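Inspection log for the structure reproduced underneath, given as structure tokens.
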Amino acid sequence: MLDENNVIEDENNNDVTPESNEDEEDERDELLAAAEARAEKYESRFKKTAKELNDLKKSQSSKQEAWDVSEQVSKQVQEEMYYATNPTAKEFKAEIKEIQTKTWMTPEDALTFYIAKNKPELIGKQSSLWVDWVSKSIEPEKKVSEMTYEELRPTKK
């Protein structure tokens, strides 16, 4: 409450003089100034970081724009040639594509992974191109002692 003598009484009926009130205001002003300084410091850090992030995003988007269409086309052509020259891969093309989308493997690695996991019986046999793009599996050579008489004899046509 305010008195006639301009003295403030607090709740405990202690007299508070205007001088102590000014000290508290000075302390508040100092705390306010310190808080504003911290706020400005953090705001400037935020603005700096935001600017760096925007610059980084711009540089990445320009790199993506620089991604040459011819590189993308050549990658697709190489992948199609892989399937055209590898009949085993062509047979499991859908599975290879699925593995590639999940793991970012190359078609060769995806084929190896799929065969090893799902078709281990194909691991021992290797296929190669024979005549007119027809695959011919390579049979292991037999020892002479294991061959039959018909196999040893040359066939006449």
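The values are calculated or read from the model by the stated rules, or taken from the named source; none is laboratory data. Note that the structure is predicted; figures quoted are calculated from it, not measured. As a convention, Cβ positions derive from the backbone with ideal geometry for all residues, glycine included, and neighbour counts pool all protein chains shown.
So the values come out like this:
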item: Test set (1) at pLDDT below 90; (2) of a type in the set (Phe, Trp, Tyr); (3) more than 30 Å from the chain's Cα centre (by Cα) - TYR42 fails condition number; result: (1)
item: Condition check for GLU141: assigned by TED's automatic domain parsing to the domain that holds GLU98, more than 19 Å from ALA89 (Cβ to Cβ), over 41 Å from the mean Cα position of the chain (by Cα) and modelled with pLDDT under 80; result: yes
item: Residue match in region 1-21 (condition: closer than 30 Å to PRO107 by Cβ and either modelled with pLDDT under 70 or of a type in the set (A, V, I, L, M, F, W, C) (or both)); result: no
item: Meets criteria (in a helix (DSSP H, G or I) and surrounded by 10 or more Cβ atoms within 10 Å (Cβ to Cβ)) for MET81; result: yes
item: Region 91-100, subset among the aliphatic types (A, V, I, L, M) and touching a residue at least 12 places away in the same chain (Cβ under 8 Å), residue surrounded by the most Cβ atoms within 10 Å (Cβ to Cβ); result: ILE96
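Every residue, every condition in (1) acidic (Asp, Glu); (2) out of contact with any Cys (no Cβ under 9 Å at 6 or more places or on another chain); (3) surrounded by fewer than 10 Cβ atoms within 10 Å (Cβ to Cβ); (4) without any contact (Cβ under 8 Å) to a residue 12 or more places away in the chain, yes or no:
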{"position": "GLU43", "(1), (2), (3), (4)": "yes, yes, no, yes"}
{"position": "LYS48", "(1), (2), (3), (4)": "no, yes, no, yes"}
{"position": "LYS51", "(1), (2), (3), (4)": "no, yes, no, yes"}
{"position": "ALA89", "(1), (2), (3), (4)": "no, yes, no, no"}
{"position": "LYS102", "(1), (2), (3), (4)": "no, yes, yes, yes"}
{"position": "GLU108", "(1), (2), (3), (4)": "yes, yes, no, no"}
{"position": "ALA116", "(1), (2), (3), (4)": "no, yes, no, yes"}
